[in-house]
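Encoded as structure tokens, the structure appears first; notes follow it.
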Amino acid sequence: MMNVMKKEDVVGDYKEYTLSLYDGSEKTVYVTDIEKPFPEGKLIVSRTDTQGIITHCNEAFVFMSGWKEEELIGQPQNILRHPDIPKAVFKDIWDTLGANKKWSGYLKNLRKDGSYYWVNATVIPNVRNGEVVGYASVRRKPAANQIKKIEVEYAKMREQEGGAS
Ligand SMILES: Cc1cc2nc3c(=O)[nH]c(=O)nc-3n(C[C@H](O)[C@H](O)[C@H](O)COP(=O)(O)O)c2cc1C
């Protein structure tokens with residue numbers, strides 16, 4: 001079962017969005033304007049299987065997500081998906097991984113309580129005996145001036161996508 005956000009877990013005024021997911025399904029998320037600061041000196045790490053299902057995550061990942069570890073393991077990595085990230089960014093991640101390459105870029109991630117945090121993410125294929133057995137992501141604290149630029153870029157991309165989530 002996919003874990004979905006609940007209104008009663010959300011802190012503050014929120015907007016409701018229906019995200020259309022890559023697999024054709026939809027999910028409703030509740031989004032506030034509250035930013036959760038990236039923890040100093042930490043890396044936010046997760047590993048997934050080849051389908052993007054979370055298999056491992058570190059303490060910083062759990063802490064920043066607002067979910068409990070047992071609510072995260074076995075869930076799709078899109079549990080963090082924020083409506084402000086254009087679909088083309090996720091397509092680029094999966095196309096890059098599909099070509100067996102490393103992807104780096106900025107992501108705004110959604111927390112269980114509706115707030116968000118920006119990350120500078122690197123996602124890599126996890127290869128064993130020449131075979132891709134999953135993926136891993138390490139997320140660092142992004143520079144504030146980079147976030148300003150990327151917000152403008154992503155807003156333009158969202159417009160090009162017709163503003164749909
Ligand atoms: C290892 C790995 C890490 C990922 N990290 C994130 C992340 O931090 N935030 C995010 O929104 N999507 C992340 N993704 C992409 C999601 O799998 C997913 O494609 C995205 O959230 C959009 O959802 P959808 O593909 O179901 O439409 C990651 C994927 C992989 C393989």
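Points to keep in mind about this one:
- Treating r as the C-beta distance of GLU59 and VAL127 and R0 as 35 Å, the FRET efficiency rounds to 0.85.
- For region 52-125: relative contact order, % (alpha-carbon pairs under 8 angstrom, 6 or more apart): 29 percent
- The alpha-carbon of LYS141 sits under 14 angstrom from the alpha-carbons of these aspartates and glutamates, leaving out residues fewer than 8 places away in its chain: GLU35, GLU40.
- The SER25 and GLN146 beta-carbon pair, evaluated with R₀ = 22 Å, returns a calculated FRET efficiency of approximately 0.10.
- The packing ranking, built from the mean of other Cβ atoms within 10 Å per residue, places the peptides 68-76, 85-93 in the order 85-93, 68-76, highest first.
- Centre separation in Å (Cα based) which lies between region 3-78 and region 150-164: 21 Å
- Note on HIS56, HIS82: ascending count of other Cβ atoms within 10 Å places them as HIS56, HIS82, the fewest first.
- Inter-probe distance in nm under a simple model that places probes 7 Å from Cα toward Cβ, at LYS6 and ALA155: 3.5 nm
- Taking every Cα-Cα distance in region 22-117 and sorting them into 10 Å bins from zero, the calculated P(r) comes out as 14, 47, 36, 3 percent.
- Take every pair of alpha-carbon atoms less than 8 Å apart whose residues are at least six positions apart; their mean separation over the length of the chain yields a relative contact order of 25 percent.
- Here the relative contact order of region 1-59, from alpha carbon pairs under 8 Å that lie six or more residues apart, stands at 23 percent.
- Gain in span if fully extended, ASP33 to TRP94, counting 0.36 nm per residue against the direct Cα distance: 19.2 nm
- Put simply, the convex hull of the Cα atoms in the chain casts, on average, a shadow of 9.8 nm².
- Computed magnitude of the charge dipole of region 1-128 (debye, nearest 20; Cβ of K, R +1, Cβ of D, E -1): 400 debye
Bear in mind these aren't lab numbers, they're just calculated from the coordinates by the rules spelled out. None of these values were measured; they are calculated from a predicted model. Positions of Cβ are backbone-derived with ideal geometry, glycine not excepted, and every protein chain shown enters the neighbour counts.
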